[in-house]
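Note sheet for the following structure.
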Amino acid sequence: MRHDGRIETGEYTEIEYHQFNQSRGMRVAFGLAGVLTWPLTIPLALLSRLSDIVFVTCSQFFALFPYVVGTIFRYEFYRFSLTHCGRNVFIGFGTVFLYRDISIGDNVLIGMYNVVHHCDFGSYVLTAEGCKFLSGSRYHNSEKIDVPMALQGGKIKRIRIEDDVWLGVNSVVMDDIASGSIVAAGSVVTKPVGPRTVVAGVPARLVKYRGSPSEDGRDASPSV
C-alpha cells in the first residue's frame with residue numbers, strides 16, 4: 001500500500017471488518033437512532049403482518065433508503081415484521097424480501113440488491129451484492145406442451161442458509177447450504193451444499209473442503 005492509503009494495482013492488503021465488532025458507543029448510537037424510526041417502521045411492520053402485498057410494498061420502499069439511514073430503517077422494519085430478525089443485522093441498499101415468514105440469525109450481512117424468497121438465514125452469514133435466494137428450483141411446471149407454462153402451476157419450498165456461510169457476488173441459491181460453506185461468485189446452487197465446503201460454477205460443484213475432511217468423516221480426495 002502506498003503512503004497515501006491508495007492500493008496499487010494487483011496488490012492485496014489486509015483489512016478488518018467492523019460491522020460485527022462495534023464499540024459500545026456505536027451500538028448505543030444505532031439503538032437510539034433505531035428508536036427514532038419507530039413512528040414509521042412499527043406501524044408499517046404491523047400492517048405488513050396482515051397483507052403480503054403491504055409487506056412487499058414496504059420492503060421495496062425501505063430498500064431505497066441510502067446507506068446508514070437505510071441500514072437503520074431496514075433493520076427496525078424487519079425486526080418487527082419478519083418471523084425473526086436477530087441482533088446486529090445489516091441489510092444493503094436495494095435488497096427486497098418477498099415474504100414475511102423469514103428468519104434471520106445474529107450478525108448477518110446481506111449485501112446490496114439481494115432478492116430473498118422463502119429462505120431462512122443462520123448467524124454470521126455474509127452475502128455479497130446481487131445474490132438471489134429462491135424457493136427451490138421448481139417454480140414452474142413445464143411437462144405439458146399444449147398448455148402455457150404460466151398456467152401449469154409449480155412447486156416451491158423453503159431453503160436454509162446455515163451459520164457461517166459466505167456467498168459471492170451474483171450467486172443464485174435454490175437449495176440448502178450447510179454451515180461453514182462458501183459459494184463462489186456467479187455460482188448457481190441447485191442441490192444441497194454440505195458443511196464446510198467450497199462450491200463454484202453453473203451448476204455449483206464441489207471445489208474443495210474447508211479444514212480437514214476427516215473431522216466429518218468425509219472423503220479426503222473429493223472429485224471436482
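Values for this structure:
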read-out: Number of the exception - TYR99 against (1) open to solvent by less than 60 Å² (accessible area, probe 1.4 Å); (2) under 15 Å from HIS117 (Cβ atoms); (3) not polar (S, T, N, Q); value: (1)
read-out: Check on THR83, modelled with pLDDT of 95 or more, under 20 Å from GLU162 (Cβ atoms), open to solvent by 20 Å² or more (accessible area, probe 1.4 Å) and more than 15 Å from the chain's Cα centre (by Cα); value: yes
read-out: Residue list for segment 52-67, filter: part of a helix (DSSP H, G or I), of a type in the set (Phe, Trp, Tyr) and in contact (Cβ under 8 Å) with a residue 24 or more places away in the chain; value: PHE55, TYR67
read-out: Filter result for PHE77 (in a helix (DSSP H, G or I), open to solvent by less than 40 Å² (accessible area, probe 1.4 Å), of a type outside the set (Lys, Arg) and in contact with a Lys or Arg (Cβ under 8 Å, 6 or more places away or on another chain)); value: no
read-out: When residues of segment 8-51 are limited to those that are among the aromatic types (Phe, Trp, Tyr) and part of a loop (DSSP other than H, G, I, E, B), the one farthest from GLY86 (Cα to Cα); value: TYR12
read-out: Test result for SER51, at pLDDT 95 or above, open to solvent by less than 40 Å² (accessible area, probe 1.4 Å) and not acidic (Asp, Glu); value: no
read-out: Matching residues, segment 3-25, being among the aliphatic types (A, V, I, L, M) and under 24 Å from the mean Cα position of the chain (by Cα); value: ILE15
read-out: Residue pairs meeting the criteria (Cβ under 7 Å; at least 6 apart or on separate chains; first open to solvent by less than 100 Å² (accessible area, probe 1.4 Å), in segment 14-28; second modelled with pLDDT of 85 or more); value: GLN19/PHE90; GLN19/LEU109; PHE20/ASN88; PHE20/ASN107
read-out: Residue among GLY86, GLY94 that is in contact with a strand residue (DSSP E or B) (Cβ under 7 Å, 6 or more places away or on another chain), over 16 Å from ILE42 (Cβ atoms) and small (Gly, Ala, Ser); value: GLY86
read-out: Residue among VAL147, VAL115 that alone is free of Cβ contacts under 8 Å to residues at least 24 places away in the same chain, surrounded by fewer than 20 Cβ atoms within 10 Å (Cβ to Cβ) and within 10 Å of the chain's Cα centre (by Cα); value: VAL115
read-out: Hits in segment 119-138 - residues which are exposed (fewer than 15 other Cβ atoms within 10 Å of the Cβ) and either under 17 Å from TYR99 (Cα atoms) or touching a residue at least 40 places away in the same chain (Cβ under 8 Å) (or both); value: none
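Table: residues versus (1) open to solvent by 40 Å² or more (accessible area, probe 1.4 Å); (2) of a type outside the set (Asp, Glu); (3) under 27 Å from VAL108 (Cα atoms); (4) touching a helix residue (DSSP H, G or I) at 6+ places or on another chain (Cβ under 9 Å).
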residue	(1), (2), (3), (4)
GLY154	yes, yes, no, no
TRP166	yes, yes, yes, no
SER171	no, yes, yes, no
ALA184	no, yes, yes, no
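Here's the yes/no breakdown for (1) within 23 Å of VAL188 (Cβ to Cβ); (2) in contact with a strand residue (DSSP E or B) (Cβ under 8 Å, 6 or more places away or on another chain):
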position: ARG79; (1), (2): no, yes
position: SER123; (1), (2): no, yes
position: THR127; (1), (2): yes, yes
position: GLY130; (1), (2): yes, no
position: GLU143; (1), (2): yes, no
position: MET149; (1), (2): yes, no
position: LYS155; (1), (2): yes, no
position: VAL169; (1), (2): yes, no
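The values are calculated or read from the model by the stated rules, or taken from the named source; none is laboratory data. Fair warning: this is a prediction, and the values are worked out from it, not measured in the lab. No Cβ is skipped: glycine too gets one built from the backbone with ideal geometry, and neighbour counts run over all protein chains shown. Keep in mind that these areas ignore ligands, DNA and RNA; they rest on the heavy atoms of the full protein, side chains included. Shrake-Rupley method; radii C 1.70, N 1.55, O 1.52, S 1.80 Å.
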